Amino acid sequence: MNEETLRVGVFVCECGHNIAGTVDTEEVARYSEQLPDVVAVVQNRYTCADPGQNEIKAAIAEHNLNRVVIASCSPKIHEPTFRSCVEDAGLNPYLMEMANIREHCSWVHMQDREAATAKAKDLVASAVGRARLLEAQEEMTFPVTDSALVIGGGVAGIQAALELADGGHQVYLVEKEASIGGTMAALDKTFPTMDCSI
Amino acid sequence: MMDAGRHPKIELLVDSEVENVTGFVGNYRAQVRKKAQYVNTDECTVCGECEKVCPVVVPDEYQEGLSSRKAIYMPFPQAVPSSYTLSAQDCLGFNPIACGKCKEVCDKQCIDYDVQDEIIDIEVGSVIVATGMEVYDPRENDEYGYTSFPNVITSMEFERLICAGGPTEGELVRPSDRKIPMRVGFVQCVGSRSASRGVPYCSNFCCMNTVKQTLLMSDHYPGSESIVYYMDIRAFGKGFEDLYRRSREEGVRYLRGLPGNVQEDPENHDLIVDVENTVTGRLEQHRLDMLVLAVGLVPRQFETNGNGKRPIDEILSLSHTSDGFVMEAHPKLKPVDAPTRGVYFAGTVEAPKDVKDTVTQAGAASGRASNLLSAGEVKIEAITAVVNTELCAQCKICAAVCPFNAIEAADKKANRFPDFIEAACAGCGTCAAECPFDAISMRHFEDQQITAQIDAVLAEDRMEKVVTFACNWCSYAGGDTAGTARLQYPPSVRLIRTMCSGRVDQSFIYHAFRKGAPMVLVSGCHFSDCHYINAVTWTQKRVEKVWTKMEKLGIRPERLQLEWISAAEGQKFARVMREVDAMLRDVTEEEVEETMRILDEEEAKRLGSAA
């Protein structure tokens, strides 16, 4: 891949009516076409669903994309999804950027289609601006210490500790009182089975 | 309980508290203070000789203070570990001259007054927070006479009295005269579902707990009468409706309406309850032997500081939803995950819930932890600091501001540059923002990537935009919460995400103003929520510096706003966006152009002096 030539693909998600009900996604897609280095724009009904992800992968191959912008929901929900999607298509996952046009746009400006659309365009432009400067990154891998700290020796902590220990993991169960048991140990019977609490 | 005590893979640390947790997913280090245990729990045979000779008598917490215990005691008969324990607070003192009776009679010699607290270091891959809850204290709003009338008790006290292991060996007696109460009232929602008294949420289990208690009454005392005062009976779980039906079939009366007034007959301590039956619309008066308050639960109030102790939620940087319970990474899709990777929740620390839901959630949390531990390795996001030794002047500021001690200071004399320990770098970017020589860059959050975003949002209609820097964990997520709740606010805000507000370099703020931003908002976590320990304190210092300089340059400092918004505060996010939008309307085109001119001059000066 020639890093000298930027080839950005923009994917505008409708999220059914969640985005398209407020934001004019066609307008956002049209606008995205003229943003610098954008060579492909695709509108999806649900970008995160398999057909949507397949469209991303197909577009990366067809247009030889080296940056991907996905205008959809919060990266806190689907950044891992789309990172692995572009990785599957042979792109470094850090070359994907998201524009949050749902939580930060269509859902909070539901009464103003025009302003929401203008804002969505800005968010895409901002994401494209950032995407053009993104660089491939390598993640570091660390070994995991095979043990767990469970804080609190009530019914929740005891149960979690037992499950983990039965699975073969070392557990440290920390309780501030002199005995484990917590609040449940002070109950007589428990509903709905009316059996003993201890 | 027993299983947990003897499982070869579980190390039980009772009388212990977690004092600090450092590290990152898969590689946490915890410091646990194991408080001095004056009784050797391994050696104690529970013979009870020590208890017999102990002269100190104090209320027994386990029995809700309804009976007494000694200073050396068994927490309760089935305690795990099965051992006596000595309360340093209650003991007459560890001087054998003052007392020392227990030590004298202990055949196994397992009492030692000289043991000290111990700090234990533990390395773990994952942390499960199961710190539970507290029961609502009805003394707070003493509306049903709990503190004045002996026969008004809480549902927890009822549990102890009706329990065979309780102070009366399972005989429910009236505290006033030790007679069996044959007419018992139960008041629901004490401390729950009230905007003015206690907490606004439903405590989840109290309805069913009362249904259970009415059945215990009719089982133990045939012929007794129970009446339940409620606003709604929430019998929503599997098997719950059946139990509720059984209770009604047993003759328990359910009256829709909470008592308006409770008085006591001074002759015999009976209780006289006035209540409006909201189904019939009639006032009723009932004479009862006992009134049980179904108290709800509240988030655990951790002891804070004073003795240098930090609450566990602060140690683990946990955020809270508006009800005070810890916040999940996602309320539906990651309900047992903390926002911090590798940390999970189980039980009532997350929300009020009954035993079955607690056990279910504990299973889910351990499953999540097990996935991580079994994977053997974990990948860390490639968002770490990189130093450019050509620009570095070995000033050591980066090492001083790093919250994770991931930077070993430079040393000019030895011509040594700062050494980044990449594994310890959490990626907040504070060092990059604070470096006076621009010698540190953050992978994936480079200066030019962020300024490109500023340029893009200000390219058109700049007078309509509020350039907002939002940290990934709190403020950006607060915006997500506002979205999920469909809270509407003006469309002027343009969010630029950084991992931490500590990443927001002064130059980003000036860049935005120089490019014509009428308003800039910097927004991060509350100090106690900061995901990078204390990085947010540097954000504040930096913004204060910019305010001072803006004033000096003749730029209204009000055009730069600083707000702390947590991930749970969708309401606050929307309110702040409305407020900055209102401020935006006060900024004129002329003012913006004047600012641009001033900052262009400053930039020219800076470049001139640099050259």
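The values are calculated or read from the model by the stated rules, or taken from the named source; none is laboratory data. The structure displayed is predicted, hence computed values, not measured ones. Neighbour counts run over all protein chains shown; Cβ positions are idealised from the backbone, glycine included. To get the accessible areas, we keep the full protein, side chains included, count just its heavy atoms, and leave off ligands, DNA and RNA. Shrake-Rupley method; radii C 1.70, N 1.55, O 1.52, S 1.80 Å.
Laid out as a table, the results:
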| item | result |
| --- | --- |
| Positive-end residue of B:Ser441, B:Ala385, B:Ala409, charge dipole of region B:380-444 with Cβ unit charges | B:Ala409 |
| Cα gyration tensor, region B:300-375 - rounded (a/c under 1.5), prolate or oblate | prolate |
| ³J(HN,Hα), Karplus 6.51/-1.76/1.60, whole Hz, each residue of region B:425-441, x for Gly, Pro | 5, 9, x, 6, x, 4, 4, 5, 6, 8, 4, x, 10, 6, 8, 10, 10 |
| Note, ³J(HN,Hα) from phi for region B:66-72, Karplus 6.51, -1.76, 1.60, rounded to Hz, x at Gly and Pro | 7, 9, 10, 9, 9, 6, 10 |
| Kirkwood Rh and Cα Rg combined as Rg over Rh, evaluated for the protein assembly as shown | 1.04 |
| HN-Hα J in Hz across region B:17-33 - Karplus 6.51, -1.76, 1.60, θ = phi - 60°, x for Gly and Pro | 9, 7, 9, 7, 9, 10, x, 8, 3, x, 9, 8, 10, 10, 10, 10, 8 |
| Relative contact order for chain B, counting Cα pairs under 8 Å that sit 6 or more residues apart, in percent | 10 percent |
| Cα Rg over Rh - region B:134-298, Kirkwood | 0.93 |
| All-pairs Cα distance distribution in chain A, expressed in whole percent, bin size 10 Å | 9, 28, 19, 11, 17, 13, 3, 0 |
| Three semi-axes of the equivalent ellipsoid, chain B, Cα gyration tensor, whole Å, largest first | 56, 34, 20 |
| Chain A - percent relative contact order, Cα under 8 Å, separation 6 or more | 19 percent |
| Pairwise burial A:B, computed as accessible area of each alone minus the pair, summed, 1.4 Å, Å² | 8500 Å² |
| 5 angstrom amide H check on B:Lys179, placed H, neighbours 5+ away | B:Arg174 |
| Approximate spin-label separation B:Lys356-B:Gln506, in nm, with each point projected 7 Å along Cα-to-Cβ | 6.1 nm |
| Range of Cα positions in region B:85-212 per principal axis (Å), largest first | 50, 49, 26 |
| Distance (nanometres) between label positions extended 7 Å along Cα→Cβ at B:Ser148 and B:Glu43 | 5.4 nm |
| In range of the label at B:Lys9: residues from region A:152-186 whose backbone nitrogen is under 16 Å from the point 7 Å along Cα→Cβ | A:158-173 |
| Cross-link table B:Lys9/B:Lys334; B:Lys515/B:Lys549; A:Lys176/B:Lys334; A:Lys176/B:Lys356, entries beyond 22 Å C-alpha to C-alpha | B:Lys9/B:Lys334; A:Lys176/B:Lys334; A:Lys176/B:Lys356 |
| Other-chain or far-sequence residues with amide H under 5 Å of B:Gly170's (modelled H) | B:Cys163 |
| Global form of region B:458-610, assessed from the alpha-carbon gyration tensor, a/c cut-off 1.5 | oblate |
| Two-decimal log10 I(q)/I(0) for region B:380-444, as the Debye equation yields it once each C-alpha is a single scatterer, q = 0.18, 0.29 Å⁻¹ | -0.54, -1.40 |
| Charged-residue dipole, Cβ positions (Lys, Arg, Asp, Glu), region B:300-375 about Cα centre, Debye nearest 20 | 180 debye |
| Förster radius 22 Å - calculated FRET efficiency between B:Asp438 and B:Thr537 (Cβ-Cβ, nearest 0.05) | 0.50 |
| In region B:244-334, the GluC sites (Glu not before Pro) that fall in loop regions by DSSP, at most 16 other Cβ within 10 Å | B:Glu250, B:Glu267, B:Glu303 |
| Charge tally in the Cβ shell below 12 Å around B:Glu241, where Lys, Arg are +1 and Asp, Glu are -1, B:Glu241 excluded | +4 |
| Formal net charge of residues neighbouring B:Arg197 (Cβ-Cβ distance under 11 Å; K, R +1; D, E -1) | -2 |
| Candidate aspartates and glutamates for bridging to B:Lys52, where Cα separation is under 13 Å - those fewer than 8 sequence places away on the same chain excluded | B:Glu104 |
| Simple Cβ-charge dipole of region B:458-610, Lys/Arg +1 and Asp/Glu -1, about Cα centre, in debye nearest 20 | 460 debye |
| Positive-end residue, region B:1-135 charge dipole about Cα centroid, Cβ charges, pick of B:Thr45, B:Ile10, B:Val58 | B:Thr45 |
| Given charges at beta-carbon only (K, R positive; D, E negative), |dipole| of region B:384-438 in Debye | 200 debye |
| Signed unit charges on C-beta, dipole axis of the protein assembly as shown, positive-most listed residue B:Gln31, B:Tyr136, A:Pro80 | A:Pro80 |
| Two-site FRET efficiency, B:Asp219 against B:Ser322, from Cβ-Cβ distance with R₀ of 51 Å, rounded to 0.05 | 0.80 |
| B:Ser374-B:Asp232 pseudo-label distance in nm [points 7 Å out on the Cα-to-Cβ vector] | 3.9 nm |
| FRET E, pair B:Leu391, B:Gln285, Förster distance 60 Å, beta-carbon r, rounded to 0.05 | 0.10 |
| Accessible-area composition of the protein assembly as shown, carbon plus sulfur, in percent [1.4 Å probe] | 48 percent |
| For region B:300-375: relative contact order, % (alpha-carbon pairs under 8 angstrom, 6 or more apart) | 19 percent |
